Every structure is written in C-alpha cells, then in structure tokens.
Amino acid sequence: MEYDRASYQCFHPLGLEWPCLSFDILRDDLGAPRTTFPFTQYMVAGTQAPNPRGQLLSIVKLDKMGQGKHGDKAKQKGDSEDEDGMSDSDDEDEDEPPVMHHRQIAHPGGVNRVRAMPQQPSVVATWSEKGTVQVYDVAAQLTELNQEAPGKSKGKKTPIYKVQPMQTFRGHTNEGYAVDWSPVSAGLMATGDCNNAIHIWEPTDGSGWAVDSSPCSSHGGSVEDIQWSPTEADVFVSCSVDRHIFVWDKRQRSAPMLKVHAHEADVNVVSWNRSTSYMLASGGDDGTLRIWDLRNFTSSEFVAHFKHHRAAVTSVEWCPHEASMLATTSADNQTIVWDLALERDPEEEAAMAADMEALGSNAAAPAEIPPQL
C-alpha cells in the first residue's frame, strides 16, 4: 500500500522515546470540532519501556500541526504544478514543522491503560502492570507546557518528575486493562482486572475516592474493557474474555442487568456512542466489529457485523461529533474509519464503472470491502 498525501487532511509522525500501549486525548477549551489549521492537541500516554524501573507517564502538547501538502492542498498542488514540477503557491504552514512539548512523570511499572477524567482532564487514572491503579493530578505539568516557549526544549533532555498520586488502589488481585470515567457523574470511575473483578470508585467530599471492597465479579474471565453510559450516572457496560458483554447498574452489583454472548472469541473492547445513547460497538479477538442496539440487546440481534480485520480488534471508538462514524484498530496493523451511514449503491457503482471503462481502466472495488469502510 502506497502513502498518498491526498488521503489525509493532516499527517505528522511524532514519537516519544519508548513505545506506549495506551494514550488518551485531554480535553481543552480550544473548541471542537476544529477545522482551521494549524491544530493544537493535548494528550497523555503511558510507556512500556524495557527497564521496569524506567516507566513513565508522558503529558504531551502537540502544537503547530499544519495541513502542509496533504488533503485538499495535495490535490491543489497537483493541479497547479508548473512545467518544472514546482507548485505555484506554498502555504506558510508547509515550511513550519509541528512542535511536540512533553513532561514525564515516573510511574510504578508499565502502563497498561491510561484514562483522563472528562470533566477535569488534569486528573488521570493509570493501570499498572504491577496490579495497582493510580490517580494523578497533572495540572502543574500542563501549566508548564502552556508556558514553554516554542523551541525552548529542543535538544534538551526532558526531566523526569516524581509526583505523588492523589490515590493508589491495591485492592485488585491481579493487573488489569479496563478503566473508564463516567461522562455524567464527575469523578465516578470503574476499574476491571484480569481476575474478573470490577471495582467502583465513588468520589468523596475531599479529593479522594471510596473504592468498594466487594467487586462486581460475574464475568467468567478477565475484564477487558469498561464504558460508562453517556446519559445514566449508574449504568456501565463491561466486556470479557468470556465472550460476553454485561450491562450493570452500580446500585445492584451482585449481577448484571443484561448479558449477551457477543463474539465467538474474547471481547476485547467496547465503545458507547455519546451521540446516540442506545448504540454500542464491540470488537473481538475474532477480528469482527459488531454494532448493538441496547433497546433490543440479545446475542442474535446485533445491528451490524463486519469481518474486515485479519486479526484481533484492539480498540474501537465512536466519533464524538458524527453519530454514524467510528474507528477501529487491529493487530493486523490497520486503523480503519467506518461510516455506518454509507450503503452500497449499485447504480452509482455502475456509472463509475462505465466512467473507468471509458478511461481504459477496469478497476473496481473488491466485493469483500464493506461500503461503510
């Protein structure tokens, strides 16, 4: 597959020193959705460094991300090149590279998962490979990033800060990967481990959390992901290697309200649509993506089933601004953007085929590619 500038409105390869298994976007007050270049973005990521004592939580600011020669500009460039192959007009942002500023916090063990509280993005929860869950306040690091002048840190070694967590929970009996903050009730969180236990974190009057000592433990295996309802403060879903998705009410923790055999292998990830609150997406080790309607939530009644990935689906997330769009990643090294509003149009395909034939080409979209891709 060849890299095509016209396929991306914006594309910048930027990296940290060590690979990261998990990251999260930090909400800001710059507005959304953004359509005017250059862009600024804040995020947090947790490392998987080879040295167990060298693990880090990185707070990142990506600045001056221009469009350059991508997307519409790539098409314009192709139309306006002169005989020497040079473009008649270059955008100012094409010559100004993006800038990455970051701060590093020492972390106990590799970071399995990191999630920021939506109502207070400086509050970040991390799952450690050592089996503990930490909550950090990174407000000071974000302030430093905003005060740092462009290029000031270039060539300098980034210091590693030692920050005391707001709270550390050691009640899980194994490491885990599932963690999510409620978008409805500020500070409410749930964490799930590889021993099938889900603990609910209730915010207290101070700056801490009361974590239940009796977990939700109805799954038959490792809890892989958790998502809180976008509209109900007491409801969340979980998925597991037991191939099931459970719907829970935290007021009744002894058993789930609903459960569905969702995939023919481990259910790795779930995402709850924030715009259409009855829609749920799930991805499994079987490489499939399934869409569910919670108004009719049974094993045989998924709304859509897509088998395009060639390996396990490792993440799924609905677009926050377009209810019909979502993205998946997979162990097959693909990131795919889906639009469920698209359907195959035989008449349009026939017209396009005729146009291609007139140009001397018999190219056609492979039948196995879903029209929603």
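Give the range of the longest stretch in the chain that excludes all chymotrypsin sites (Phe, Trp or Tyr not before Pro) found in loop regions by DSSP and having at most 16 other beta-carbon atoms within 10 Å.
12-277
Could you work out the pair-distance distribution P(r) of region 118-233 from its alpha-carbon pairs, with 5 angstrom bin width and percents rounded to whole numbers?
Final binned percentages: 2, 10, 18, 21, 17, 12, 8, 7, 4, 1, 0.
Please state the relative contact order of the chain as a whole percent: Cα pairs under 8 Å, 6+ residues apart?
Relative contact order of the chain: 8 percent.
Just need the Rg to Rh number for region 171-341, please, alpha carbons only, Kirkwood Rh.
Computed over Cα atoms, the ratio is 0.96.
Between Ala341, Ala45, Ala351, where does the largest GNM mean-square fluctuation fall for the chain, given springs only between Cα atoms within less than 10 Å?
Ala351
With the convex hull built on the Cα atoms of the chain, state its orientation-averaged projected area in nm².
Value for the chain: 22.1 nm².
Can you tell me which of Ala190, Ala106, Ala262 moves the most in a GNM of the chain? Springs connect C-alpha atoms under 10 Å apart.
Residue with maximal mean-square fluctuation among Ala190, Ala106, Ala262: Ala106.
Charges at C-beta only: +1 for Lys and Arg, -1 for Asp and Glu. How large is the resulting dipole of region 171-341 about its Cα centre, in Debye rounded to 20?
The calculated dipole for region 171-341 is roughly 280 debye.
Summing -39500 (n - 2.57) over the DSSP H runs of n ≥ 4 in the chain and dividing by its residue number, what mean residue ellipticity at 222 nm do you reach, to the nearest 500 deg cm²/dmol?
After summing the helix terms and dividing by the residues of the chain, the value is -2500 deg cm²/dmol.
Using DSSP loop states and a limit of at most 13 other Cβ atoms within 10 Å to flag trypsin sites (Lys or Arg not before Pro), what is the longest stretch of the chain containing no flagged site?
Counting only loop sites that pass the neighbour cut-off, the longest clear stretch is 35-151.
If the only charges are +1 at each Lys and Arg Cβ and -1 at each Asp and Glu Cβ, what is the size of the charge dipole of the chain around the Cα centre, to the nearest 20 debye?
2240 debye
Readers should treat all values here as calculations from the given coordinates under stated rules, not as data from a laboratory. Because the structure is a prediction, the values reported are computed rather than measured. All Cβ positions, glycine included, derive from the backbone under ideal geometry; neighbour counts span all protein chains shown.
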